1. Can you show me the helix-derived [θ] at 222 nm for chain A, built from DSSP H runs with n ≥ 4 at -39,500 (n - 2.57) apiece and divided by the number of residues, rounded to the nearest 500.
2. Under the definition of partner shielding as Cβ atoms of other protein chains within 10 Å of a residue Cβ, what is the mean value for peptide B:124-132?
3. Using just the alpha carbons, could you tell me how many Å³ per residue the convex hull of segment A:52-131 encloses?
4. What does the extension gain come out to for A:ARG624 and A:LYS22, with contour length at 0.36 nm per residue minus their alpha carbon separation?
5. Using the crude model of +1 on Lys and Arg Cβ and -1 on Asp and Glu Cβ, and no other charge, please compute the dipole size for the protein assembly as shown relative to its Cα centre, in debye to 20.
6. Carbon-plus-sulfur fraction of the accessible area of the protein assembly as shown, 1.4 Å probe, in percent?
7. For chain A, what size does the Cα cloud have along each of its three principal axes, sorted from largest down, in whole Å?
8. Taking every DSSP beta bridge with both residues inside segment A:432-534, roughly what % is antiparallel (nearest 5)?
Amino acid sequence: MDLINQSVKKWDHDPKISGAAKYVDDLRIKDMVHGKILRSTIASGTIKEIRIPTLPEGYLIVDQHDIPGKNNVHIVDDDSPCYSDGTVNFVGEAILMVVGEDMKVLDKILSEIVVVYEEHTPVLDMMKSDVIFYQYGYTKGDPDQAFQEADQILDETFTTGYQEHIYMEVQGMIGFYKDGKSTVRGSMQCPYYVHSAVKMVMGLPDQQVQIIQDEMGGAFGGKEDYPSILGAQVAVAAKKAGRPVKCVLDRREDITCTSKRHPATMHYRAAIKDKKITAIDAYAVYDCGAFTTLSKVVLQRGLIGATGVYTFDNIRVNGKGVRTNTTPNGAFRGFGGPQTFFAIEMFMNHIARAIGKDPFELKQQYLSKKGDITATNGLYHFDIPFPEMIEKLFKESGYPEKYQQYKHQTGRTRKGIGLSLTYHGCGFTGAGERDLIKGVVRLKKNYNDTVEILTAGTDMGQGLKTAFVKIVAQTLGVPMHQIIIANPDTDRVPNSGPTAASRSLMVVGKLLERAAVKLKDIWVSEEEQEVEEHYVHPEFTIPWDTENFQGDPYPDNSWSANVVEVEIDTLTGVADIVGAWGVYDVGTPVDKMIVIGQMEGGLLQAVGYGSMELMDANNKGVIRNNSLSDYIIPTAMDVPVLKTDVINNPYVVGPFGGKGAGELPAVGGAPAYVAAMESALGIDLHHTPFSQEDTLKALEAMKK
Amino acid sequence: MSGKITFILNNEKVESNGKPSDRLLDVLRNEFELTGVKCGCKEGECGACSVLIDGVLANSCVVALGSIHNCHVTTIEGYSKTKRFEVLSKAYANFSAVQCGFCIPGMVLASEALLSHNPHPTEAEIREGISGNLCRCTGYNAIVHAIQKAAEEGNGLW
Amino acid sequence: MVIVENGYIPADLAEALKIRGEQTVIPYAGGTDLMVDAEDHAYLFLNKVPELKRISEDETYLKIGAAATFTEILNYPGTPEILKAAIHYLAAPAIRNMATAGGNVSNASPKADSSLIFYVSDTLLKLASAKGERILPIEDFITGRGKTALQADELLVEFLMPKKGLENYYYEKVGARKALAISRVAFAGLFNMEGERITRCAAAFGSVADVVLRFRDFEAMMIGLTLPEAKAVKSEFLAKYDQAIVPIRGRVSADYRKHVCMNLLEDFLTQNGI
């Protein structure tokens, strides 16, 4: 492999491991006070009255009336309020902030505030919602005819649950206001998203708003939209208080009121003729929660992937995102993909069994390859290296032999093994990069020949700083220590776009590579120089038609093949995860070790999504699993064997052949896990997470 | 005798102005400004606030200040000045085991607590040793491998 | 004795009992449960009281000081495997390093991992006050969810765990993951025979009701029987439990808890040749 994938010590290793790195809650700032948010305790209603106790000196209340601009937080649409507009729409919605010096006093004030509501009946079940935020659909071929001519029609419903990010560092932000300028700093993926949100809420022009990213303790999509809301809230508070205001959520608050992966209900039909799949008809409903946040784009991505990695001649896909009185859902690694990929992967297993085929054989029969027409009538432009990946995966996991071996087991413990094949489209959907983001990067060469990278890209642990430094250093042909990269500050960096959608390396990395080439060309030692690069859309793509969902939604995809093996205890329903394996194509891995770290971490999250990460709400819309002892994520002991590998399949227009990586491993873990449970139990399953209780229920049902 | 809670913090005798019922975590972060001790949950469930108390791993969020009177408390700030830390840090770097970094100070102290009792742990023992420290980034493999490597490289140090 | 504001740090048990008798204080052993809420309580810190840390044994009993940590109990050579098994699945090392058997039991939670073992093994609890001592079986100490027989001037000082007949045990805990898992259902059984006859067939169920469940009158059915005789009453025995166990609903359903309890109880009998 190339020099680029040789691993180096991570750029931020030393400050993080020694505890010196400052995350937002670690900052000590002169005159700073704290803010704590009063949140709705009901899922739907109108606020009739708020009774505030007499406040001690130095304490104040911040609410909608203190907002200088609009009470709308700009995300994709602008419906999320900064502070409640007099209605409450989910348990946890922010009503007001109490600001002051002593956290214990703030807690006391919060406990003494009385909110009188007129309660409305909340809509908690997505299938009962009649408010449709977004609705899309597309067709390929003639599915109606295929269904008419079918000799067998399969019809199944799949459901997927919430997934909570559990970034180890909770959300937190500090607001400042001085001389008519709002500054907000804290834990965020997308400084320029926060920038536009604060601008609108504060009613300020571009240059009067400054956003700074601090060290980020994980995000996984969870700090894509929510920081815009919290950022706007502290900005308003800081102006009123006349002092810096820090608001760091506590864990229960964070789990209750920040975005999660959308629960989904997906109805799939397959037309079968002569044991062949002649059409797929899919209908997906995504539960958006009370406000739209990022649901529009999440739903789009989910629908685009609804038929998975397979090519069918006739397809109909429809879907809607609906409003419920629950916490607004948003971005989570995979961004709408894990739901529909779960459905199609399980559906393919079930179709196979229904027509008497081996699931893998059936999948292989329809596996997409270079030159195939995609579901949206785009084109698979590049090699799809599944054959190589699957060979590797089978060798590591022993899938084919074990799958046969685990049929018809008896006894207290039973083993099972499952497979999933998925992709993740790299970058923003459609023409977003060209029309909306228009990313810009800058390289600034100092007199001493050090070069500073200026982008809005944020490092949330995924290794962005290291990767960017490697790309620039190698392109320039200078040692890495000559490169400077700091956390972005919108006063200093151009808008290279959000750190999301597995775009940073592929898109921003490419811009940096081009900037470095340019700088190298004009390089004059001991002189200050600066170069700037702007996004250029790859020419080979078939233009994306957002209206009709036609064309190439992504310039390329990253591909994954996953296997999970389980052993269930039939007395308790407990499933031990024997192992999880994944083989991935992320183009040329820019730093192999970092990429493997991403794959391992993502796969473990995805296995959690399929198995133990259960979150539900009671009939009042209150999330019950709002603590780390109640919302269960895997420990080091839960998946004792976790093996991932990558293949080298350079992406021609990526920097050093790299393409999107971060989200890919989050897509295939759940379907592989539930497929393993199917293999152990010998029945078809339709939902995730598949819990211990579900397993025992299935076993008891089989006894009868 | 009445007075203040005193203890040995990173090898230095200190006196706290905190109440006996205060969380050690808050005392360390706020009074002593040792912000390498992270807060992830405040209920002993994540290990981000791990410290060593008399050489034993503890979640400082569920330790009352009054319970550590006259004890030795080591945080990452103190531990990072040791030879053992150097070996662990290098091993963590070798496997790119530090991602977001929020769990890492606690994870390093859990590694120390494990190796100080069991210098040559098996993989299963390592997984158990760090089982109280949640990490959402790495999938744990890189950390497990780093501890294995540190155990080899640091032969004799533990 | 060190007193800082409302916190008391006694040097020995006598000092601790004196304060306990004179002041309104909350006994603090490991803190791992108490500190989750971190209220500004007046604590009596017992975590360094030597008498309460001691683990020893005589011919009849393993004696575990109430403030001995689970790690200390795990490392003690005389600790029986059944107790080690439960401790092994209790939370994670950092919690086991601080948490104590005394705290675990005094919390009076039906989910307490060590309580289950003390129930099934007929462990006695020694309570003390400045006025004297008394010894209670654990069933009499825990009077309900979160309720104990501990008087305002008393401290739980020691567990007396009968050593005999603990080798042949059955233990299963269902948690949501492999570590850091709160028990959703737990079962412990002890089975002994003398010659052909059953002398003990003890079964305890954790996390299913307000307190750990144990039915001595059902167990009595089996005492004195031979294995073939026991087999003959097996279904009657199981039916009694099936009727008596009415689980509570929580993070898992009552139905699930019930099925697991019955599955494990039946397996416990089967494993022992019944």
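The values are calculated or read from the model by the stated rules, or taken from the named source; none is laboratory data. The structure displayed is predicted, hence computed values, not measured ones. Quick reminder, even Gly has a Cβ in these numbers, built from the backbone with ideal geometry, and neighbours come from all protein chains shown. Just the protein is used for accessible areas: all its heavy atoms, side chains included, with ligands, DNA and RNA removed. Shrake-Rupley method; radii C 1.70, N 1.55, O 1.52, S 1.80 Å.
1. Taken over chain A, the calculation gives -8000 deg cm²/dmol.
2. Numbers: counts 2, 0, 1, 8, 8, 5, 7, 13, 11.
That works out to 6 on average.
3. Convex hull of Cα atoms, per residue: 139 Å³.
4. Between A:ARG624 and A:LYS22, full extension yields an extra 213.5 nm.
5. Working: 116 positive and 143 negative charges, 87 e Å.
Approximately 420 debye in magnitude.
6. Working: 19540 of 39430 Å².
Result for the protein assembly as shown: 50 percent of the exposed heavy-atom area is carbon or sulfur.
7. Result for chain A: principal-axis Cα extents of 75, 69, 47 Å.
8. Of those bridges, close to 75 percent are antiparallel.
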